[in-house]
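As structure tokens, the structure follows; a few thoughts come after it.
The values are calculated or read from the model by the stated rules, or taken from the named source; none is laboratory data. Every value quoted in this text rests on a predicted model; they were computed, and no experiment measured them. Neighbour counts are summed over all protein chains in view; Cβ atoms, including those assigned to glycine, are modelled from backbone coordinates with ideal geometry. Heads up: the accessible areas ignore ligands, DNA and RNA and are worked out on the full protein's heavy atoms, side chains in. Shrake-Rupley method; radii C 1.70, N 1.55, O 1.52, S 1.80 Å.
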Amino acid sequence: MRIWTACTDDPDRSAWAADHFDDWYAALAAGESHGRADPALWQPGERRAQFEHGTVDERIHLLLARGADGTPLGAAEVWLPVHDNLHLALVDVAVDPGHRRGGVGTALLRAGLDVAEAAGRTRVRSTTERPAGVAAGGWPGSAAAAAWGFTVGQAVARRQLQLPVPEGLLERLERAAAPHATGYALRSWSGPVPEADVEELARLASRMSTDAPQGELSTTPEVWDAARVRRGEELRAAQGRRWWTALAQAPDGAPAGYTVLVNSRHEPQRLLQHDTLVVREHRGHRLGLLLKVACLRAALRDVPGARRVTTWNAVANTPMIAVNEAMGFRCDEVVEELEAPLAAVRAALARRTAP
């Protein structure tokens, strides 16, 4: 077995992609899709555009394990934040079901740890995703993560809203919520943030890392500015994505909350819920519901053929879960956000491979 790797910083990454990307994505998708009815993967066009375009928020390393005959066996990715959380590496491993239990996942994880350690990272985060009716002990990814020394830092529930929503539901929800939000103003738009709002959106994006639940994860506050917002928009456009934003402003004009929906031309039937935040000092005014309804309306005007909305919430975020369930979202998967000291994962791997 040999592991082929490249990074978004590599000047020759397009050549690597020409040789390996399709096999990398196929192995990743095979591993992550197995046993899941609707895995909601980024589509290959989105992932390749991200890799070849590059991102200034993190360095991303792709790792592909091939057998001696060149057969793709498994894939991994390592995300290294570059603005904040510089202690952290995000490492995810996926092994084609036909090649599991042969050391492929362990080899890919070890190679991912090498990347993280070379970058000076001291903690490693990973994720598992499984159907809601399957216990962690019965899911291969969860069992492997536990054996590798990871512990659950936060549990997240995935919910999906089937479209179209029942006639009149959104109107009833808005009428019930509006009296609680007197004095607040909501606006929505498609595409890049208007120049007049970009600094406000940057401040709200920063607060996602402080006001949203983080569980036991070792997340540090993120710092966003207008330039970082714009670079994210450039990447979305390169990936073939469209997006819609709804913004709430307090009676004094201060930003009170926002939400974002994203749709890919590679998967037009799905809307993905990205950030949703109501800042702490403006909670209790039903702004989360009003924002999500306004953003959904805006998106459906442009993509009436969408058939579902996919969203994720920390299980501790009961107010936002209540909003989603009122709109008709239903839980179908559980996500474990796992974390461990890099040294502890190294030690666990050493114990598993010791004679």
If I filter segment 61-72 for residues that are open to solvent by 50 Å² or more (accessible area, probe 1.4 Å) and more than 19 Å from W16 (Cα to Cα), do I get at least one hit? no
With the first residue restricted to segment 101-129 and required to be on the phi > 0 side of the Ramachandran plot, and the second required to be outside any strand (DSSP E or B) and of a type in the set (S, T, Y), Cβ contacts under 9 Å at 6 or more apart or on different chains are G103/T353
Hits in segment 116-143 (condition: over 27 Å from R330 (Cβ atoms), surrounded by fewer than 21 Cβ atoms within 10 Å (Cβ to Cβ) and within 21 Å of the chain's Cα centre (by Cα)): R123
Could you tell me which of the residues L277, L300 is within 23 Å of the chain's Cα centre (by Cα) and open to solvent by less than 40 Å² (accessible area, probe 1.4 Å)? L277
Here the qualifying pairs (Cβ atoms under 6 Å; residues six or more apart or on different chains; first in segment 179-194 and of a type in the set (S, T, Y); second modelled with pLDDT of 95 or more and part of a strand (DSSP E or B)) come out as Y184/A248; S188/A246; S190/W244
Only one of these is among the hydrophobic types (A, V, I, L, M, F, W, C), at pLDDT below 95 and under 20 Å from H266 (Cβ atoms): W42, W24. Name it. W42
Enumerate the strands (runs of 3 or more DSSP E) found wholly within segment 47-118, keeping only those where 3 or more residues are over 30 Å from S206 (Cα atoms) and at pLDDT 95 or above. 58-66, 72-81
Which pairs have Cβ atoms under 7 Å, sit 6 or more apart or on different chains, and link a residue in segment 238-249 that is outside any strand (DSSP E or B) to one that is surrounded by fewer than 19 Cβ atoms within 10 Å (Cβ to Cβ) and not hydrophobic (A, V, I, L, M, F, W, C)? A238/H53; Q239/Q50; G240/G45; G240/R265; G240/H266
Within segment 144-183, the residues that are surrounded by 14 or more Cβ atoms within 10 Å (Cβ to Cβ) and touching a His at 6+ places or on another chain (Cβ under 6 Å) are A181
Which pairs turn up if I take residues in segment 317-338 that are β-branched (V, I, T) and look for partners that are not in a strand (DSSP E or B) with beta carbon separation below 7 Å, at least 6 apart in sequence or on another chain? V323/G288; V323/L289; V323/K292; V334/A132
Would you please name the residue that is nearest to R265 (Cα to Cα), looking only at residues in segment 205-237 that are part of a loop (DSSP other than H, G, I, E, B) and open to solvent by less than 30 Å² (accessible area, probe 1.4 Å)? A212
